[in-house]
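In what follows, a single structure is set out as structure tokens and then discussed.
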Amino acid sequence: MPLTPPSRVAVFLDRDGTLNIERGYLRQVSDVALIPEAAAAIRRLNDAGVLAILTTNQSGVARGFYDEAHVKALNERVNKLLADQAGARLDAMYYSPYLPTGKVPEYTRESECRKPATGMILEACKAFPEIDLTQSFVVGDKASDIEFAHNAGCKGILVKTGYGERVLEGKYQFLSQQAAQPWRICAHIGEAVDAILTEVFSMNT
């Protein structure tokens, strides 16, 4: 049975390397391709009444590689592929175009909406005030996603797709040994959603 307000679970999803195949800075919308398990996984969240919310750092804007309209087009492409492949949808999409070491002055700064800061999650909570962060999840392929989850009071899942394997090998970013450890480590988004739904329905029985 789907979950209903006033308490609702959300899954905050990274994009590159988590939903779509990691290919660096995507300069062509046509280069977006979903990870094979992604569409069916998001459909399972939709069917369970769990919010699927995109939260993605997109520093390519601050670096001068493309503009915000391009980021929005990439996000919409992901959403369209989810719909085409499994009738799935993202309930909301948030992105951060900022980077402290960027090249475009307008976007070169610290920002509370850049992960691991929690601004994107706080924006989602304004749009969906029924979200219970203590029962919600973050799924991503970077250590910063796990820190993002910790900072917001959510459970963090590290997927091995994208940069995930390199994070686990200590070759890209570093997982905090003190606080920001993953709640689960999963092979891909499909396995992560299975773990989430098992946990969600155990909490609601």
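The values are calculated or read from the model by the stated rules, or taken from the named source; none is laboratory data. Everything quoted here is computed from the prediction, not taken from an experiment. Positions of Cβ are generated from backbone atoms using ideal geometry, with glycine treated the same way; all protein chains shown enter the neighbour counts. The accessibility values were calculated without ligands, DNA or RNA, using every heavy atom of the protein model including side chains. Shrake-Rupley method; radii C 1.70, N 1.55, O 1.52, S 1.80 Å.
Some observations on this one:
- Search result, residues across segment 117-164 that are in contact with a Pro (Cβ under 7 Å, 6 or more places away or on another chain), part of a helix (DSSP H, G or I) and either without any contact (Cβ under 8 Å) to a residue 60 or more places away in the chain or not hydroxyl-bearing (Ser, Thr, Tyr) (or both): 146, 147, 148, 151
- Failed criterion for residue 45 (all others in (1) at pLDDT 95 or above; (2) open to solvent by 30 Å² or more (accessible area, probe 1.4 Å); (3) over 17 Å from residue 120 (Cβ atoms); (4) of a type in the set (A, V, I, L, M, F, W, C) hold): (2)
- Residue that is most open to solvent (accessible area, probe 1.4 Å) [pool: residues in segment 73-123 that are closer than 23 Å to residue 137 by Cα, among the charged types (D, E, K, R) and touching a helix residue (DSSP H, G or I) at 6+ places or on another chain (Cβ under 7 Å)]: 112
- Number of the condition not met by residue 45 [criteria: (1) in contact (Cβ under 8 Å) with a residue 40 or more places away in the chain; (2) part of a loop (DSSP other than H, G, I, E, B)]: (2)
- Residue 195 falls short of the stated requirement of being assigned to a loop (DSSP other than H, G, I, E, B) and of a type in the set (A, V, I, L, M, F, W, C).
- Of the listed requirements (1) out of contact with any helix residue (DSSP H, G or I) (no Cβ under 6 Å at 6 or more places or on another chain); (2) in a helix (DSSP H, G or I); (3) surrounded by 15 or more Cβ atoms within 10 Å (Cβ to Cβ), residue 167 misses just one: (1).
- Filter pass, residue 185 being assigned to a strand (DSSP E or B) and surrounded by fewer than 20 Cβ atoms within 10 Å (Cβ to Cβ): yes
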